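Q: Supplied in structure tokens, the structure appears directly below.
The values are calculated or read from the model by the stated rules, or taken from the named source; none is laboratory data. Bear in mind that the values here come from a model prediction, so they are computed numbers and not experimental data. Virtual Cβ from ideal backbone geometry, glycine too; neighbours counted across all protein chains shown. To get the accessible areas, we keep the full protein, side chains included, count just its heavy atoms, and leave off ligands, DNA and RNA. Shrake-Rupley method; radii C 1.70, N 1.55, O 1.52, S 1.80 Å.
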Amino acid sequence: MADQLLDVKGLNCPLPILKAKKALKDMAAGATLEVQATDPGAVKDFEAFCRTTGNELVESNQRDKVYVFLIRRAA
């Protein structure tokens with residue numbers, strides 16, 4: 001279970017990434033953020049975001065029409 005949940009359903013690029021970046025900034029290193037999005041582009045966006053920021057994309061899956069990402073904040 002994630003330490004924090006971020007619901008960005010209904011928002012399109014780049015808003016899910018921007019809101020996740022803001023949420024992660026206020027979290028402790030090692031804490032996890034679950035992001036729920038409906039934008040299909042979010043899959044590639046969050047992969048690239050985690051790769052470039054050093055945060056870990058722990059899990060990425062789809063539940064019905066909702067994309068769910070579990071991100072661990074980098075140190």
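Q: Give the residue, chosen from Lys9, Lys19, that is in contact with a Ser or Thr (Cβ under 6 Å, 6 or more places away or on another chain) and open to solvent by 70 Å² or more (accessible area, probe 1.4 Å).
A: Lys9
Rundown of residues vs (1) in contact (Cβ under 8 Å) with a residue 24 or more places away in the chain; (2) closer than 12 Å to Gln4 by Cβ; (3) touching a His at 6+ places or on another chain (Cβ under 6 Å); (4) assigned to a helix (DSSP H, G or I), yes/no style:
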site: Lys21; (1), (2), (3), (4): yes, no, no, yes
site: Ala29; (1), (2), (3), (4): yes, no, no, no
site: Glu47; (1), (2), (3), (4): no, no, no, yes
site: Phe69; (1), (2), (3), (4): yes, no, no, no
site: Ala75; (1), (2), (3), (4): yes, no, no, no
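Q: Considering only the range 22-55, state which residues are of a type in the set (Asp, Glu) and surrounded by 13 or more Cβ atoms within 10 Å (Cβ to Cβ).
A: Result: Glu34, Asp39, Asp45, Glu47.
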